[in-house]
Structure formats: C-alpha cells, structure tokens
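Asks: Once you've had a glance at the structure underneath, I'll fire off some questions.
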Amino acid sequence: MCNDAPHGEDLVNPAETGPMPAAADDWWRTAVIYQIYPRSFADSNGDGIGDLPGITSHLHELATLGVDAIWLSPFYPSPQRDAGYDVSDYRDVDPLFGTLADADALIARAHELGLRVIADIVPNHSSSEHAWFKEALVAPPGSPARDRYFFRDGKGPDGSEPPNNWTSIFVGPAWTREIRADGTPGQWYLHLFDTTQPDFNWESEEVRSEFDDILRFWLARGIDGFRVDVAHGLIKEEGLPDYTVDRTVDPDGRHTFATTPFMGRDGVHDVWRRWRRVVEEVGADRMLAAEAWVFPLERMAHWVRPDEMHQAFNFPFLETKWEVAAQREIIGESIRAFSAVGAPSTWVLSNHDVVRHASRLALMGENPYGYGLGPKSPGQPDAVLGLRRARAASLMMLALPGSSYVYQGEELGLPEHVHIPDSKRQDPAWFRSGGERYGRDGCRVPLPWKSTAPAYGFSDTGKSWLPQPAEWGTLARDVQAADSTSTLAMYQTALAERAERRLGSGTLRWVDMGDDVLAFDNGTVRVITNMGDEPLPLPGNVIAASESVGATIPKDVTVWVERTVPTA
Ligand code: NOJ
Ligand code: CA
C-alpha cells in the first residue's frame, strides 16, 4: 500500500535532513565523483598498463556520462608493490603512467570539460624505496632519520621477536626486521600493509610539514582535492601495545579495526585540521575525502567536522545487504550522522578494493573484505541476478541526496573477474596469504572500450596487465553507447536527471510501500525499488528505470517516477 504521507507524518524512518544546499564553493556536497584506476583505464602506448595520456584522451566520455569530478588512484613514482599505494616520490609521476607534463595536460583538459580532479594521497606509509626510508636504513638506531618511521628493537634476548603482536592488513606480521649492510639483522620497522610499505611516524613535525608541502605542490598544479588513503591510520597508541584483532569483520560482515592501537586514534584529527587549513590557503572550493574505516557512522562523522575533511566514504552503505530494512536503516543513519556535523553523506557501491557490486550483490556465500573472488570461492555469484541488482542499486543510489562515487566500469555493469589464472595475480594480499585470499585483482581488470578491438580497445597492442574475460566484448562501451537499454545509457539518463532536478541537494522522505519495497521521495522524483516477489503497479510516468518496465515494477528493479507534488 502506498502511503503518500504529508510532510512529517508516518515516515518509516524520519531521515528528513538532506545535505546543506550547495554554494558554488561547495560543489563537493552534491558531486558525482568518478574513480579512475589509472593502470586499468586506458593504455596510450601499448605496454598493457593504463596511463595519464590514455585517461586524457577519454575524458570527454566522462563529461558526456555526466559526472562532476574524477578521482585518480595513485600515479606517483612507485615500485608498484601495492599498485601505486606504495609511493617513492610524492611530487612526480611514475614513468609507467607518464610525466608531470602529462599530469598538467590531464588537469587542464578535465577543467576545460568542467570536470574537477581529485588526487589520491597516501600519508600513512611510503614505499620502502622512498628516499627517507633508504636514508633511515643507513642511519643508526635513535637517529632523526629513523624517527620519521617506526623503528624498534625486537623482543627476546637477541631481538629476534617483533616489538609487538600487530598483524598486517595484508596478512602476516606488521613488522619486518632490517638486514644491515654487513648482513646481520638489526631493528624492526612497522608496516600495517606490505613489507614494502613502512608506516610514517606522524608524531614527527618533519613528516607533518613535508605533507603540507606535498599538498601545496599539487594544489598549485590545479588539483581540486585529495582522497586521503587510510585516513583513520597515521597515529599509533603511545608505547605500541600488543593488540589482537580476532576478526576482520563483525558478525554482519562489516569491517572492524575501528579502534585499535593503530587505527581510529583521536590524535589523527589534529592532522586533518592542519590539512584543512592548507587546502583552504588555495581556496574554499578544494576538498578532502577520507578513506576511514571507522564505525559506527557517528564516529566516522568526526572525520568530517566543519574544520576537518569535507567527505568520508560511506563504507557501511557499500557493505549493506540487499534487503529493504537494512537499506532503509543505513540510508537514514547516514543522513542523520553526517548532517549532525553539517556534512553531506556520500554513497558508494564499488571501488578498487572490494568485489564489484555486479557480483557482490548476488553472492551466495560469505566474502569478508579483502578475500576477493576466485574460482574456488564459496557461493559464486549469479551473473544475471548480479547485473540486475547492480543496476537497481546504482539507480537508487544516484537519487540519494549528497555526493556519490562511481568506480570505473560500474557504468558498464562490469562484474568481478573471477577466473584470473593464479600465475597472473598481482595483489600482495594473494602472495602474503599464500593464495588463501584472492585479493582485489578481480575488480581491477582493464576496461573494455571497443567490442572487437584487441584488449577491447584498452591498448592497441592487445596487451593488458591483467587478462580480461572473454565475455566482456558484449559489455564494451561502444556497444553500450549504441544501445538505449544499456547500463551505460541508464547511468547517463540518471546523471542528467539528477543534475537537472538537483537531487544531490534535495531532501529524502521515506514512502511506505510495504516491507518488500524501498521507496522515497526526493524533490520531483519518487524512487521505488521492488525487492519482493510481487510485481508492483507502476504509479506514474517513468523518468529512469533499471530495466524496461511495463504496467508493473518487477523484483530487483528500481524506477524513478514523476511526482506531481514535489517535496519541500
Ligand atoms: C587503501 C587503498 O584503497 C588500498 O588499495 C591500499 O592497498 C591500502 N589503502 C594501503 O595503501
Ligand atoms: Ca601504458
């Protein structure tokens, strides 16, 4: 039963507060931000690895798609042990991806097309190839060069045990012992991720001011903001006490690590206040987005208080099951928690670290964060159901007030590549877990641009750093661009209508259509997602639909219909 409740009455979940209206400077409050994973976007020189000129040559397609900004995963010089999240020089471009001049050209072209550019910045750790870490390795224990990282003596009579029991997020110990020039073992250094990613010591003023300058370097080149990697890390509890994480996910499948001696420490907020001041030196329109895996949302909202960052990725939304009650709860919670500190909620369904939502939403088994999907994973996804739900979820997400993230390839409905041969895998999690975790390669496969070209148009030579699945020809962008029923066409319609109807700065009001239906109003749009077996009568003129609909809305379909009486 549709209950078209007057304002304030009978709301299933009174999440009435939308984000603050966007002033010109506050473009980020409502922006749709497209994540580019440079090594898998487009390869201009045929070496099988995507690069900056490849991105620049395709920016017009993203402008046509209708996004407001792009976020580039790291392109800095790096030994690429963690696909660039191991940075050896924060002020340059890896020759694999191009040159600083290529970065300038990319920024200029994006701005010409009206797209803002957000760079990824990785402050928790550097690469072990960073000049500072190399300097530390040849410096004596207790030296200022070692104080930029965490070097400690080992435990036990001969120092052969790690300084504490912390484990790496990529499995195995979080400490590695240095081997000195004379071949003898020395101190241990901390790395929350791979051995080649030593953690910076953010108690060091030198580290802090170095990063101020790095931000200024990129802001001066025209960068509009930063996506901040591991924004809940950086500060470690004094004394580095032992701590055991028993599970990386809670019983609902959500990420833990929220409060440990190495994550979510209060001291990190001083750093973000400082960064806010640095970005505001250049202009009030520059932004910071936090990758902060802290829960609950009320805590995550601390990262986006008015003098800290601007946005935080809404991972609880991404991790929520495809169920009406769960979706309603998380959406309401998100709007409430972020509004309470004056920030917009963000919405995200996929990124380069998680199983693509066209597979994740139809998984029949448990898949904890970081495990990824491979041929032997339990509960393999159903591809048809996955795509249907992914389209329904995306269309619903794009009608929510706030800012949304789109991960490259989701606009094509790409699924996770489950059948990458073991010999081609690259994720450090795969190696560190001895093959127990497939890791994230399956969501990082190069994009298909042209159905009949070598490597589906990703590179002219047909090279591709990860193999592409045979079925991707039918998902290629050129095929979808010519098909008005494609996933690409759905995204394009949704983004145009979202902009036109200002849904990003709208107000969400729940509509009660029963337990199997997620329904809400935002401005002139009523959004209905049917998750039940019973088809629903279509209540109005269709603006956008995740599948073509007739007189009824079938299961796992979202439609936007015209509201005759817009919400206030
Ligand atoms: C989060 C990034 O998104 C992920 O790809 C990376 O491996 C870790 N941080 C470490 O930098
Ligand atoms: Ca290349």
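Asks: Confirm whether ASN201 is under 22 Å from SER88 (Cα atoms), more than 16 Å from ligand 1 (Cβ to nearest atom) and in contact (Cβ under 8 Å) with a residue 24 or more places away in the chain. Write out each step before concluding.
Replies: On the way: under 22 Å from SER88 (Cα atoms): yes; more than 16 Å from ligand 1 (Cβ to nearest atom): yes; in contact (Cβ under 8 Å) with a residue 24 or more places away in the chain: yes.
Against the criterion (under 22 Å from SER88 (Cα atoms), more than 16 Å from ligand 1 (Cβ to nearest atom) and in contact (Cβ under 8 Å) with a residue 24 or more places away in the chain), ASN201 qualifies.
Asks: A further question follows. Only residues in region 358-382 that are not assigned by TED's automatic domain parsing to the domain that holds LEU414 count as the first member; pair them with residues that are loosely packed, with under 15 Cβ neighbours inside 10 Å and modelled with pLDDT under 90, Cβ under 9 angstrom, at least 6 apart or cross-chain, and list the lot.
Replies: Within 9 Å, no pair qualifies.
Asks: Just the residues that are within 18 Å of the chain's Cα centre (by Cα), of a type in the set (D, E, K, R) and not in a loop (DSSP other than H, G, I, E, B), please, taken from region 317-376.
Replies: The answer is ARG360, and nothing else.
Asks: Look at region 359-378 and say how many of its residues are closer than 25 Å to PRO428 by Cβ and open to solvent by 10 Å² or more (accessible area, probe 1.4 Å). Break it down into steps so the answer makes sense when it comes.
Replies: Of the residues in region 359-378, the ones closer than 25 Å to PRO428 by Cβ are 359-360, 363, 365-378.
The next check asks that each one be open to solvent by 10 Å² or more (accessible area, probe 1.4 Å); those that pass are 360, 363, 365-371, 375-378.
So the answer is 13.
Asks: For region 141-192, enumerate the residues that are hydrophobic (A, V, I, L, M, F, W, C), surrounded by fewer than 16 Cβ atoms within 10 Å (Cβ to Cβ) and not in a loop (DSSP other than H, G, I, E, B). Break it down stepwise before answering.
Replies: Let us first name the residues in region 141-192 that are hydrophobic (A, V, I, L, M, F, W, C), namely 145, 150-151, 166, 169-171, 174-175, 179, 181, 188, 190, 192.
So of that shortlist, the ones also surrounded by fewer than 16 Cβ atoms within 10 Å (Cβ to Cβ) come out as 179, 181.
Within region 141-192, just ILE179 meets the criteria.
Asks: Now for a different question. Which one of these is within 16 Å of ligand 1 (Cβ to nearest atom), surrounded by 19 or more Cβ atoms within 10 Å (Cβ to Cβ) and aliphatic (A, V, I, L, M): LEU62, LEU72? Show your work before the answer.
Replies: On the way: LEU62 fails: within 16 Å of ligand 1 (Cβ to nearest atom).
Step by step, each of LEU62, LEU72 is checked, and only LEU72 is within 16 Å of ligand 1 (Cβ to nearest atom), surrounded by 19 or more Cβ atoms within 10 Å (Cβ to Cβ) and aliphatic (A, V, I, L, M).
Asks: OK, next. Do we find a residue being buried (at least 22 other Cβ atoms within 10 Å of the Cβ), part of a loop (DSSP other than H, G, I, E, B) and in contact (Cβ under 8 Å) with a residue 60 or more places away in the chain anywhere in region 75-85?
Replies: yes
Asks: Pick from TRP27, TRP71: which is aromatic (Phe, Trp, Tyr), out of contact with any helix residue (DSSP H, G or I) (no Cβ under 6 Å at 6 or more places or on another chain) and outside any helix (DSSP H, G or I)? Before the answer, list the steps.
Replies: Working: TRP27 fails: outside any helix (DSSP H, G or I).
Only one candidate qualifies: TRP71.
Asks: Test each condition in (1) within 30 Å of ARG563 (Cα to Cα); (2) assigned to a loop (DSSP other than H, G, I, E, B); (3) open to solvent by 20 Å² or more (accessible area, probe 1.4 Å) for GLN492 and report the one that comes out false.
Replies: The number of the failed condition is (2).
Asks: When the residues of region 391-439 are filtered to those that are basic (Lys, Arg) and assigned to a helix (DSSP H, G or I), which remaining residue is least open to solvent (accessible area, probe 1.4 Å)?
Replies: Keep residues of region 391-439 that are basic (Lys, Arg), which gives 391, 424-425, 432, 437.
From the residues that got through so far, the ones that are assigned to a helix (DSSP H, G or I) too are 391, 424, 432.
Working: ARG391: 27, LYS424: 99, ARG432: 60 Å².
Within region 391-439, the match that is least open to solvent (accessible area, probe 1.4 Å) is ARG391.
Asks: Continuing with the same structure: Would you say ALA110 is farther than 26 Å from ARG440 by Cα, within 21 Å of the chain's Cα centre (by Cα) and in contact (Cβ under 8 Å) with a residue 24 or more places away in the chain?
Replies: Judged against the criteria, ALA110 is a match.
Asks: Return the only residue of GLY442, GLY386 being in the same structural domain as PHE315 (by TED's automatic domain parsing), outside any loop (DSSP other than H, G, I, E, B), touching a residue at least 12 places away in the same chain (Cβ under 8 Å) and under 17 Å from the mean Cα position of the chain (by Cα).
Replies: On the way: GLY386 fails: under 17 Å from the mean Cα position of the chain (by Cα).
Going through GLY442, GLY386 in turn, just one is in the same structural domain as PHE315 (by TED's automatic domain parsing), outside any loop (DSSP other than H, G, I, E, B), touching a residue at least 12 places away in the same chain (Cβ under 8 Å) and under 17 Å from the mean Cα position of the chain (by Cα): GLY442.
Asks: Kindly indicate the residue of region 26-41 that is surrounded by 24 or more Cβ atoms within 10 Å (Cβ to Cβ) and of a type in the set (A, V, I, L, M) and also nearest to ligand 2 (Cβ to nearest atom) among those meeting that condition.
Replies: Among those that are surrounded by 24 or more Cβ atoms within 10 Å (Cβ to Cβ) and of a type in the set (A, V, I, L, M), it is ILE36.
Asks: Something else about it: If I ask for residues that are β-branched (Val, Ile, Thr) and assigned to a loop (DSSP other than H, G, I, E, B), which ones from region 108-135 would you list? Steps first, answer last, please.
Replies: Quick first cut of region 108-135, residues β-branched (Val, Ile, Thr) only: 117-118, 121-122.
Correct list: VAL122 only.
The values are calculated or read from the model by the stated rules, or taken from the named source; none is laboratory data. These figures come from a predicted structure and were not determined experimentally. Quick reminder, even Gly has a Cβ in these numbers, built from the backbone with ideal geometry, and neighbours come from all protein chains shown. For accessibility, only protein heavy atoms count, side chains too; no ligands or nucleic acids. Shrake-Rupley method; radii C 1.70, N 1.55, O 1.52, S 1.80 Å.
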